[in-house]
Structures are given as structure tokens and as C-alpha cells.
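None of the figures in this text is laboratory data; all of them are computed from the coordinates on show. On a predicted model such as this, the values are computed, not experimentally measured, just so you know. FYI the Cβ positions are ideal-geometry reconstructions off the backbone, even for glycines, and counts take in every protein chain you see.
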Amino acid sequence: MEFLWTNGYVSCSRVFALWLVCLAIACTSLTCAYAQESRELLLPGKPDYESLSGNGKQLYNGLTNNRQYPGETIIVQMRPIAEVLSNNGLKITIPGREGQYDVRVKTIEYSDAENYKIYGTVGESLLSVLLTSRNGMKGGMIQGPERSYEICDLGEDGQLLLGFDNDAGKANFCASGIGAAEKALRQQSDADERARKPGDNAKIEPCNTFIRVLFIHANNVSPVSAANHAYNTIDIFNQTVINSGLPGAALIELAGVAQTTFMKTDHDIHKDVLALSNSVSVQNLCNQNKADLVLLLAWEDHNAAGGVPYPPTYKHPNSNRSYAIVGLTNPNIPVIGAHELSHLFGCNHESEIFGLPYAQGYIFLGFNTLVATGTAPGSKIFYYSNPSKIFAGSPMGDATHNNAKVMNDKASVVKAFRPEPNVLNGWVYGPYSGYEYQVYTYEAIAKCGKPPYTYQWKESTDGINYSGNGTGEFHSVGLYHNGNHQFYLKLKITSSDGQVVENWMQIWVDDDPNGGYRKGQKERDSLQIKSEGAIVRPNPTSGRVEIIFNAEKVGEVEVGLADLNGRVHMRGQVYQCNAGRNVINLDLVEKGLASGVYMITVSGSGPVIRKKVIYQPTSRP
């Protein structure tokens, strides 16, 4: 039979509507007050630098190099997210400037007023707004058509907007194409005798975390400033991975923020980053923090905003040259950082032909994908070039412009640069969509830390207000919504060594197709797939496999693929199936897998089918 891929990994990013209802009986006076106010996110903050507190001035100085930042600076107060989200959006007006950003919210992860991540677009465009808070430390990026702003935190004094024109800095955005290979090679000299050799420290231990990035800074860079830019860089990089439909293996996490004694040796950022990769003290910091990649934040004046060791010579990904530099005197620091980190996976600019034959960035409809450099850095969109992604009828790449494939193919290589730290991580596994009032089962996946683990599940229909106290590795829930077609699960995992991690899942809820069932009542003939008799063939395979199973009725199933270390290679791919016998075809070659044993899962409601398959490609990916 024919199968329709109704929604894939990006199904979790469907537009949702968020309704905040203030009930006269239940709401507090504060809640009722803000229900009557404007939905503006930003309010004017302290009028100037002199009005800041002592701590605020110290943070401001660190973020602006003692007030030497060349772009616009605006002090604001960000209102609580729960007060401004309304009907699938929010409004942003920059104090002191005309014009308004109408933000269409795409996804929200919300733990409490101090911890959240919200991603949206400016209207129907590909320009992005990213708002985050980590234990009250606010950050993010606001991209506009002509001006953009990085959000950094000033503690109790509010937030600082670092503004810039989108055309600023485009002439020297990135140095990866600057210089000649011969000049770069001469910079190695005696330092290479002390440097790591290729593959040194490449080790994968039993547990599995994200790719780890160490952010380092000189003593003339404030640690708070470095932390602000580090978190914003990570958020933009990861949002680009998610937007591009890539598996979780390409996501990055913070390994640490550390000070270094390394100083520039040349005004050429290309030469300096080579010297950085040869610095023994920096290598030691990298190994101590078990970091796969290192990014230096520096106020030194260079001939480009950012750079990595010369790619035609050092053929990224390369464990010896997994270093980058970003200059803080430039605008749009986190976007430059995410761009440079992508080079370390092997992504090239739009016109560079070395390395992988599909490694180029892409320019289309006036937009630059993250690793393209055609126009202004502010016009960069949080997407990798990818021919499978379409916007306004135009593909975001082609056969030679496919950074998404580079990231997918090389993430496992970068991940193996350093020993795996025992940092707890985990996620929710289960359907990304379903029908109202039907019961679906979700599974907690925990990796690293020290088992055994304990689990706590909570539920929400707005992504902000959670209730419930489910426990156990599996959690069954009857989906419902408050008119917004969204349902949220929050999972808290605690390992026996005291580590804690929280994860969220956003679920699209369709109205009950059969009607007539009251809220909370399970539909009697909901889809049940049968695990008995399910087979995967051929097994072993060098390419395609068939998943054969039986289902009781017409409905949707979700298919996932992971290796035995828990690394997800396909998540939440949805297929429509018939009642009776079903056959799903998967092409494992296109997943860029290494030889090994993988777990295929098929889930509807009821039992989950889990089948191991041995993949033996005819040639290594």
C-alpha cells in the first residue's frame, strides 16, 4: 500500500495557539491586572547607564567592553512570558524606536517563570525571535528586516539589547576563505609537536550526551558577558538544527565557560585560530571540560568577525583543529558563533568547492542559510541549506548545497572528539500528534548519570501551567486541548547520583474524528497495533528494510530509529496505516548510518513494536 508521510520531526514545531484565560473567581489580583494590559514583551528600563545599580553597571561594562560596543544599546525590562503570550503570538516594540515585531510563536518549552525557551518568526517570514531564560538569566535574539538585537541579562536591572543594522559587518563576516594554505601551514612550527595528534582522546564510553562546546575568553572579557553570548550561541545553533529537521545527535550543550591566557599573535584571525588550536593550555582546558569543540570570545581587533583553521588544509571535522574564534567587536555575535561552529562539522560557504561535494551553504529569495555569506549577517536564517526544505515554493538547497546532510553525516564524528562525560540527559519518546480523548503512551529515555532513575510527569494545555504527578518510565495520557490543538508533557528525570534534567514535548491534538465521547473517556476502538507477529526484513540489510505489522483500524503510527547507545537517528516520522496488514519501507542508506545494530520502533496507542536490525552498508558513509 502507499504510505503518506504526514509530518516528521518538525511536527513538534507546528504553530500552536496559546490561550491564557483569566477567570474572575480564580485569578489573583496580579493576573487580572495584566489581563487588561498591552501584550508588549518589552518595557522601557533604566533610562541610562548612570541609573543602573553597581551590579548592573558591572554587567553592562562586561557586555560592552566598558561602553565601547560600536552598535546600539538599549536597557529594557522583559515582562513575564505568561503575561504577553496571547492567541499564538506576542508583540515586540523596541523602546525608543518605531515599528513593531508581530511574532508568530512556533514552539515553547516552559518550566516556570525563570526557565523557558520560546521560538517564533516575525510574521510569516523566516526571520526569527528566540527568547530564553535559565534560572532567571534572560537571553535571545530578535531578527528584524533591517535591524536585529541580541538580548543579554543585566540581573535585577533588566536586560540589555545589543542592536545593529543587518548590513553591519557583512564585508568581513567570516575568515574561513581568507589566506592561503601555505601560510597557514607555516604557522604550525614547533607547536605541533605539543599539539594533539589526529584521533587523540577519541573515545566513546557507554553513556551518551550532546556534542559539548567550551567557550573560553581572555581576562579582558567579563565571565558574565561570555556566558550570555555562550548561551545565545548554543540556542541559535540548536534552533537551526531543529528547524532543519536534523536528529538530536547534532545538538550541542555547554561544556563550560573558562578564562584563558591565550593572546592574539596576529591581526589575521585565520592565523590566530591556528595558534589557538596549538596552545597547550587551551588544549588542557578542552580536555578538562571534556569538550568536543572550543570557541574563543575575544575583544581583539581582527580582519574578520570569526574564523576556524583553514578548511581546505585541515579538512573539518578534525579533532586537532576543532577550534574557532569570534570577535566581540562585531554585531550579531551568537549568529557568528553558530556559523563558525558549523564550519567545524565540515559546512562550507555557498561558493566553496573543497571538502564534501554537498557541503555548501545556500542563498535563496534574498535569504542566507546559516553558513552562507552572500549578504548581511542579520539576514541569516536559522536553517541549514537543505533541498528537502521548501519556503514560498523555493527549495533551501540542492545537491551541492546541503549543509543539513553535512551536519547529519558528521555529528557522530564530532561527538567522538573527547571522552564522554557522565552528564545526565534524557527525553520523552512517543507520538507527536494524536486525537482528543484517546489514550497514548509515552516513554522516558534516560542516559548517563547513575541509575536507577526516578521520573515525574506533568501535563498542560498551554505550555505554562502544569499539573499532575505521574511516575514511572512509561506514562499513559488521554490527550485533550482548550481550543488550541496543543497538549504538553513535562518530564523530570533524577538519577541516583543527584543529577536532574527536565524535558518537554509539544503534541498536536486533532479533534476526535468519531465524536460523542466525553472528556477523559478513552475511545473504545482507538488504534491498537499488534507487536506479536511484527517482523523487519531483510535482516541484516545493506539498504532498505520492510516493517510488517498488523493494526486493528485505520490510523497513524510513528516510526523511530536509534542506535543501541540511545542516539536517535529518526524521531517521530508519521505514517498513515490501514486496518489489517501494513508494510512500511525505510531506506537506511539515506540516514547516513555506520555499520551496527539499530532499534526500530513503531508506536500507535497500546504496545510499542521494537525490532533490532543489523545494518551493513556496502561502503562506509
Quotient of C-alpha Rg and 2.2 N^0.38 Å, computed over the stretch 100-150: 1.15
Return the distance in nm (one decimal) between the two label points of a simple spin-label model at residue 439 and residue 590, each offset 7 Å from Cα along Cα→Cβ. 3.6
Taking a crude spin-label model, label points 7 Å out from Cα along the C-beta direction, the residue 100 to residue 49 distance in nm is 3.3
Which shape class, rounded, prolate or oblate, goes with the stretch 330-419 when its Cα gyration tensor gives a ≥ b ≥ c as root eigenvalues, a/c under 1.5 marks rounded, and past that a/b bigger than b/c marks prolate? oblate
For the stretch 216-375, just list the percent of Cα-Cα distances falling in each 5 Å bin from zero outward, please. 2, 9, 18, 23, 23, 15, 7, 2, 0
Where a ≥ b ≥ c are root eigenvalues of the Cα gyration tensor, a/c under 1.5 meaning rounded, otherwise prolate if a/b exceeds b/c and oblate otherwise, the stretch 387-465 counts as oblate
Residue-ordered couplings for the stretch 439-448, obtained by feeding phi - 60° into the Karplus form 6.51 cos²θ - 1.76 cosθ + 1.60 and rounding to whole Hz (Gly and Pro as x), are 9, 10, 10, 10, 10, 8, 10, 10, 9, 6
For the pair residue 467 and residue 165, what calculated FRET efficiency results from E = 1/(1 + (r/R0)^6), where r is the Cβ-Cβ distance and R0 = 30 Å, to the nearest 0.05? 0.05
So, R0 is 30 Å and r is the distance between the beta-carbons of residue 353 and residue 253; what FRET efficiency does that work out to, to 0.05? 0.40
Flagged links, alpha-carbon separation over 23 Å, of 591/612; 57/117; 553/612: 57/117; 553/612
FRET efficiency for residue 115 and residue 612, Cβ-Cβ distance as r, R0 = 45 Å, nearest 0.05? 0.75
Starting from the 7 Å offset along Cα-to-Cβ, what nm value, one decimal, do you get for the label separation of residue 125 and residue 87? 2.3
20 Å cut-off, amide nitrogen to a point 7 angstrom out along residue 599 Cα→Cβ, residues in the stretch 554-578: 557-574
